[in-house]
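The block underneath contains the structure these notes are about, expressed in structure tokens.
The values are calculated or read from the model by the stated rules, or taken from the named source; none is laboratory data. If you're wondering where the values come from, they're calculated on a predicted model, not measured in any experiment. Don't worry about glycine lacking a Cβ; one is built from the backbone with ideal geometry, like all the others, and counts go over all protein chains shown. For the accessible areas, the whole protein counts, side chains as well, though only heavy atoms, and no ligand, DNA or RNA atoms are used. Shrake-Rupley method; radii C 1.70, N 1.55, O 1.52, S 1.80 Å.
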Amino acid sequence: MSAGRHDGKGRRRKKGGRGEKAMVPDAEFTSYYGKPILNPPVWKASDVAMYLFLGGLAGAGSLLAAGAQLTGRPVAARALKLSSLAAIGGSTAALIHDLGRPARFANMLRVMKPTSPMSVGSWLLAAYGPAAGAAAVLDVTGLFSRLGGTATASAAALGPAVATYTAVLVADTAVPAWHEGHRELPFVFVGSAAGAAAGMALVAAPVRETGPMRTVAVLGAAVELAAAKSLERRAGMAAEPYKTGKAGRFVRAGEILSVAGAAGGALLGGRKRGAAALSGAALLAGSACTRFGVFYAGMQSARDPKYTVVPQRERVAAG
């Protein structure tokens, strides 16, 4: 039996308080020639993290737009349709910029591979983009109202998948912080997307039309935070990057802004236009920070060999 415990600095601590040199030093995880075990993705934050954020805003926005239209909130519905169109346009542009040239996106549509999140995501964007565009344009012009309603319903039906498939996309890689969080990341993304879309409504729509959006903001923040904390508990060491370095700063900022935006919207957003707009801006910024935090956490975990080695050893030890 052991006479004491490790104190975390390479010594074994006895019950009497005196330390002695550990027989086995703390493990250092290295690789051949000091190179990472994994090649970190070459993605740029300005492209891929923004792609993650804008896709979530677009997809959730279309769903809220359909709800606003059905419940007689025309200004909120139009604002969300326009923001969803702008967001999916920006998201697609960021993706194409990361790919290098538009032909590469078109090539992904040559086949449909259900087992590939990238293939499924490409087809989702190809179907959702025209629906979101038609919903926005026909609403603004007032033409073909029945066709506009169909486009709005189609965009709303595809919206949840557009908002969350990127979580499946990153979790399907070998990057430890993403792969180990495959259970919780879709919920983090859906909560973050709901908060962003609700925030856009609070910014762009009159107070009298934003009641349901304020409720969505609270629910979105709750889902996002609960899923993030569950990820930290379950993923163990692989969740460390979400709490340290640049990723940790973005994640903490996202949590603070999301809670502040949801609380401000719920308590003040129904009475004061300025408070609603400020709360909405906080929700949008919080969602963006969350997506950037997830992006940087993956990059940090790919660069450090321990996040690859330790979880693998733990799975082997568990049988």
Could you tell me whether Val168 is on the phi < 0 side of the Ramachandran plot, open to solvent by 10 Å² or more (accessible area, probe 1.4 Å) and modelled with pLDDT of 95 or more? no
With the requirement that a residue be crowded, with 24+ Cβ neighbours inside 10 Å and over 22 Å from Ala221 (Cβ atoms), what does segment 57-84 give you? Ala77, Lys81
Taking Lys246 and the conditions (1) under 13 Å from the mean Cα position of the chain (by Cα); (2) of a type in the set (Lys, Arg); (3) open to solvent by 50 Å² or more (accessible area, probe 1.4 Å), which numbered condition does it fall short on, given that it satisfies the others? (1)
Of (1) under 18 Å from Pro186 (Cα atoms); (2) over 17 Å from the mean Cα position of the chain (by Cα); (3) open to solvent by less than 40 Å² (accessible area, probe 1.4 Å), Arg234 fails just (3)
I'm trying to understand the selection: among the residues of segment 155-210, which are closer than 23 Å to Lys272 by Cβ and of a type in the set (Ser, Thr, Tyr)? Thr210
Within segment 178-187, is even one residue among the small types (Gly, Ala, Ser), part of a helix (DSSP H, G or I) and open to solvent by less than 40 Å² (accessible area, probe 1.4 Å)? no
Scan (1) part of a helix (DSSP H, G or I); (2) open to solvent by 20 Å² or more (accessible area, probe 1.4 Å); (3) of a type outside the set (Ser, Thr, Tyr) for the single condition Gly133 breaks and write down its number. (2)
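Residues in segment 286-319 that are without any contact (Cβ under 8 Å) to a residue 60 or more places away in the chain and either hydrophobic (A, V, I, L, M, F, W, C) or open to solvent by 20 Å² or more (accessible area, probe 1.4 Å) (or both): how many?
8
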When you look at Leu283, is it modelled with pLDDT of 90 or more and open to solvent by 20 Å² or more (accessible area, probe 1.4 Å), yes or no? no
Could we say that Gly274 is surrounded by fewer than 21 Cβ atoms within 10 Å (Cβ to Cβ) and outside any helix (DSSP H, G or I) here? no
Across (1) buried (at least 17 other Cβ atoms within 10 Å of the Cβ); (2) more than 30 Å from Ala65 (Cα to Cα); (3) at pLDDT below 95, Gly269 clears everything bar (2)
